[in-house]
Amino acid sequence: MTSCRFVSTTDPRVISGRHEDPCRCDGEFGCLRCTELHCCVCQRAHVDRNTCPACLDAARSDLQAIADLCHALPAEAVEKGVQSEAMMLLGPVANPEAWRNHAASALFGRVDDAYLEDCRSSKRASDIDDEMHPLWVLGTWEQVWRDFLDHQTEAPFTLVAGYAYLDMQIGYMSEQVDPPFDEFARELRQCRGHLEDVLRDGIREERGAPCVQCGSPMVRTEDHWECRRCHRRVTEVEYRFAVGAAYRAHSPSLTAADMHERTGVKASVVRVWGSRYPEIKRGRNHLGITLYDVASVIAKRDKAETEIAG
């Protein structure tokens, strides 16, 4: 498989060191589009079928966590009282099956699709955020996948039954493009986060910069940083060094000292160029140190090297 990198949310991933003709970049990283299939969730890993194993494992873990966290809601509701959000999460939620039927009617033109948006708006204005309620998330997705797989049932939805069904089907679901597995995975993550906020009074794990191996956010533990996806562990010193290296490698503007690390141009030379050509300056950083445009410095470096060679 080829090695490709992220450019922006509106651009395709490109192959590192390969260029289109004519070239669309500054010649440093590459701009040839990667034509391989990427994971629908992380958009990074190359896959044969829609979702990479790491993102499937993460979705399965979120589903399991939702079930586990729901078991802790009764104790939290007893401690916090009947007006607590834990008690609200233990209560009823909007009918997922009724919503599914309205959605199907809108899809086939039997009702105006604006009706669904009105329903969503009224739900958002309510005291209970149904869209983050575990019964709503698991209930609506169970209906979606049962319809897709033609697994009809007359049994009323319960959290235990919904978890069991989705956990049994999630491997097959991850291979499908429609219904969209990425949306399913995203809503599982949001629902899990909402439950964690309720049960832990908003105290969440500290997330840091992306892992240099897989791009997933690093998580701080007691004395180190860890990637939950690829299980890479680094010390605080190693983490800060990696963050600094990533910043120097990708930032469009740098200090003179960082510019030397990035381009090989001495810091003193960068400062001289800045005094002669003020247009290459890009303001100051949070410490008040002058920043310089990376592309402009690289262009002047290349021009100077060409003149010397010529």
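The values are calculated or read from the model by the stated rules, or taken from the named source; none is laboratory data. Note that the coordinates shown come from a computational prediction; the quantities given were computed from them, not determined experimentally. Every residue, glycine as well, gets a Cβ built from its backbone with ideal geometry; the counts of neighbours run over all protein chains shown.
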Can we say Asp223 is surrounded by fewer than 13 Cβ atoms within 10 Å (Cβ to Cβ) and over 26 Å from Asn50 (Cα atoms)? yes
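Conditions (1) at positive phi; (2) surrounded by 13 or more Cβ atoms within 10 Å (Cβ to Cβ); (3) not in a loop (DSSP other than H, G, I, E, B), marked per residue:
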site: Trp141; (1), (2), (3): no, yes, yes
site: Val144; (1), (2), (3): no, yes, yes
site: Gln152; (1), (2), (3): no, no, no
site: Met168; (1), (2), (3): no, no, yes
site: Tyr172; (1), (2), (3): no, no, yes
site: Asp182; (1), (2), (3): no, yes, yes
site: Arg186; (1), (2), (3): no, yes, yes
site: Arg192; (1), (2), (3): no, yes, yes
site: Leu195; (1), (2), (3): no, yes, yes
Determine whether Arg186 is basic (Lys, Arg) and in contact with a His (Cβ under 9 Å, 6 or more places away or on another chain). no
Pairs only if they're at least six apart or on different chains, beta carbon under 6 angstrom, first in the stretch 285-310 and assigned by TED's automatic domain parsing to the domain that holds His260 and within 11 Å of Met259 (Cβ to Cβ), second surrounded by fewer than 17 Cβ atoms within 10 Å (Cβ to Cβ) and at pLDDT below 85; list them, first residue then second. Leu291/Asn285
Within the stretch 241-249, is there a residue that is in contact with a helix residue (DSSP H, G or I) (Cβ under 6 Å, 6 or more places away or on another chain) and within 24 Å of Met218 (Cβ to Cβ)? yes
State all residues of the stretch 218-263 that are acidic (Asp, Glu) and not assigned by TED's automatic domain parsing to the domain that holds Thr290; if no residue qualifies, say none. Glu222, Asp223, Glu226, Glu236, Glu238
Does any residue of the stretch 189-201 turn out to be at pLDDT 80 or above and touching a Ser or Thr at 6+ places or on another chain (Cβ under 8 Å)? no
Residue tally, condition in contact with an Asp or Glu (Cβ under 7 Å, 6 or more places away or on another chain), surrounded by 16 or more Cβ atoms within 10 Å (Cβ to Cβ) and at pLDDT 85 or above, over the stretch 226-255: 1
Scanning the stretch 239-267 for residues that are among the hydrophobic types (A, V, I, L, M, F, W, C), closer than 22 Å to Pro210 by Cα and not in a helix (DSSP H, G or I) gives Leu254
Of (1) touching a helix residue (DSSP H, G or I) at 6+ places or on another chain (Cβ under 7 Å); (2) among the aliphatic types (A, V, I, L, M); (3) at pLDDT 80 or above, Ala54 satisfies all except one. Which? (1)
Looking at Arg301, is it in a strand (DSSP E or B) and on the phi < 0 side of the Ramachandran plot? no
If we keep just the residues of the stretch 161-185 that are without any contact (Cβ under 8 Å) to a residue 40 or more places away in the chain and out of contact with any helix residue (DSSP H, G or I) (no Cβ under 7 Å at 6 or more places or on another chain), which is nearest to Leu37 (Cα to Cα)? Asp178
Those residues of the stretch 223-238 which are closer than 21 Å to Arg44 by Cβ and in a helix (DSSP H, G or I) amount to none
